[in-house]
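Heads up: the structure comes next, in structure tokens.
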Amino acid sequence: MTPVAPHISVLGREAVEMLDPRDGGIYVDATFGAGGYSRLILAVPGTRVIGIDRDRSAITGGFDLVDRADGRLTLVEDRFSNLADICAAQGLNAVDGVVMDIGVSSMQLDQAARGFSFRLSGPLDMRMGHAGPTAADVIATASERDLADIIYLFGEERHSRGVARAIVAARKEAPITTTQALADIVARVVRSKPNEIHPATRTFQALRIFVNEELDELQRALTAAEHVLKPGGRLAVVSFHSLEDRIVKNFLAERGKVSSGSRHLPEVAQLAPSFKILTKRPLTPSEDEIAANPRARSAKLRAAERTEASAHAESAPPSWPTLERVMRGG
Ligand SMILES: C[S@@+](CC[C@H](N)C(=O)[O-])C[C@H]1O[C@@H](n2cnc3c(N)ncnc32)[C@H](O)[C@@H]1O
């Protein structure tokens with residue numbers, strides 16, 4: 001197997017500065033990855049970090065750091081949407097900071113066997129964790145209409161209907177089980193000029209987001225962070241595309257103002273803002289960081305500080321197709 005280069009943290013210094021880690025503080029690094037953010041937090045003496053990742057190889061890759069951290073780093077293999085339960089299992093009902101660096105790591109993207117990349121030939125998997133349906137399962141099972149919706153909503157692909165039609169026609173001939181097979185099918189429908197992104201980019205992004213339920217995970221994790229952060233605790237989120245950034249931006253905008261209560265619970269009194277926004281505009285990487293690491297190009301950092309106010313009512317359930325429904329064929 002070709003060796004995979006370690007993940008280079010994006011906006012790590014800025015995200016950790018937003019957390020403002022202090023001696024005695026407890027911080028959740030919800031996307032441990034290669035441990036870049038955790039290392040920066042642990043560099044502040046007396047801090048403790050709970051690192052979460054749904055990818056077992058990220059967790060095992062962090063064991064060295066656990067050994068060197070003198071009991072200050074605990075790693076948990078789980079989804080970050082469970083972060084409140086994860087903290088409770090560690091005996092913590094409140095923490096001083098939560099940081100998230102959403103998306104895939106370069107270790108995941110660069111390993112052909114993980115099936116994330118249309119540039120590398122591998123099985124059509126795309127799962128960050130090890131449970132649940134693979135991208136090949138989705139491609140084999142979803143209706144043409146669901147495939148078109150998934151590719152349009154999560155990939156913002158204008159030709160989503162044509163791509164879905166081509167997938168359904170191709171799967172009647174033979175199962176689509178490799179990244180290469182899917183990339184070829186998409187490239188026959190979506191044309192791109194030599195200096196444009198690869199025609200399969202948007203379809204692969206859509207499937208990856210859908211298979212890993214990335215938007216649901218983010219939405220639930222933000223709400224969980226609102227519940228576990230102490231007053232004065234900080235939340236910092238780095239995202240890589242507009243779909244994620246919109247969720248973070250809307251969540252913070254909603255929590256940053258007085259809530260008139262839930263539509264469903266009209267008797268609930270108005271709630272004061274549960275977060276004070278620290279980044280009026282998102283922070284973006286410097287030109288130097290982008291030159292050194294082109295994957296940083298689209299990153300955005302938003303941060304906020306938890307107030308004394310109670311957590312607001314949960315946001316409405318998602319309007320996008322869910323993995324459970326699509327795989328059930330409902
Ligand atoms: C961009 S990398 C994080 C890199 C890390 N900040 C660093 O500096 O090394 C994102 C990591 O988050 C993990 N991840 C993504 N979504 C997750 C989720 N819902 N629950 C837990 N881990 C998740 C991925 O498996 C991946 O390892």
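Residues in the stretch 295-330 that are among the hydrophobic types (A, V, I, L, M, F, W, C), part of a loop (DSSP other than H, G, I, E, B) and surrounded by 13 or more Cβ atoms within 10 Å (Cβ to Cβ): how many?
Here is the first cut: in the stretch 295-330, the ones among the hydrophobic types (A, V, I, L, M, F, W, C) are 296, 299, 301, 303-304, 309, 311, 313, 316, 320, 323, 326-327.
When the remaining residues are screened for being part of a loop (DSSP other than H, G, I, E, B), the result is 299, 309, 311, 313, 316, 320.
Still in the list and also surrounded by 13 or more Cβ atoms within 10 Å (Cβ to Cβ): 299, 309, 311, 313, 320.
Selection size over the stretch 295-330: 5.
Can you tell me which residue within the stretch 90-122, out of those that are touching a residue at least 12 places away in the same chain (Cβ under 8 Å) and closer than 12 Å to residue 50 by Cβ, is nearest to the ligand (Cβ to nearest atom)?
Looking at the filtered set, the residue picked out is 99.
Can you name the residue in the stretch 32-46 that is surrounded by fewer than 24 Cβ atoms within 10 Å (Cβ to Cβ) and not hydrophobic (A, V, I, L, M, F, W, C) and is also nearest to the chain's Cα centre (by Cα) among such residues?
36
With (1) within 30 Å of residue 62 (Cα to Cα); (2) within 16 Å of the ligand (Cβ to nearest atom); (3) not assigned by TED's automatic domain parsing to the domain that holds residue 38; (4) not basic (Lys, Arg) as the list, and residue 154 as the residue in question, which single condition is left unmet?
All conditions pass for residue 154, except number (1).
Report those helices (runs of 4 or more DSSP H) wholly inside the stretch 57-150 carrying at least 2 residues which are buried (at least 20 other Cβ atoms within 10 Å of the Cβ) and touching a helix residue (DSSP H, G or I) at 6+ places or on another chain (Cβ under 9 Å).
Once the helices (runs of 4 or more DSSP H) in the stretch 57-150 are filtered for at least 2 residues that are buried (at least 20 other Cβ atoms within 10 Å of the Cβ) and touching a helix residue (DSSP H, G or I) at 6+ places or on another chain (Cβ under 9 Å), what remains is 83-89, 135-141.
Name the residue that is farthest from residue 293 (Cα to Cα), counting only residues in the stretch 11-58 that are within 7 Å of the ligand (Cβ to nearest atom) and β-branched (Val, Ile, Thr).
Among those that are within 7 Å of the ligand (Cβ to nearest atom) and β-branched (Val, Ile, Thr), it is 52.
The values are calculated or read from the model by the stated rules, or taken from the named source; none is laboratory data. Please read these numbers as outputs of a predicted model, since none were measured by experiment. Reconstructed Cβ throughout: ideal geometry from the backbone, glycine too, with neighbour counts over all protein chains shown.
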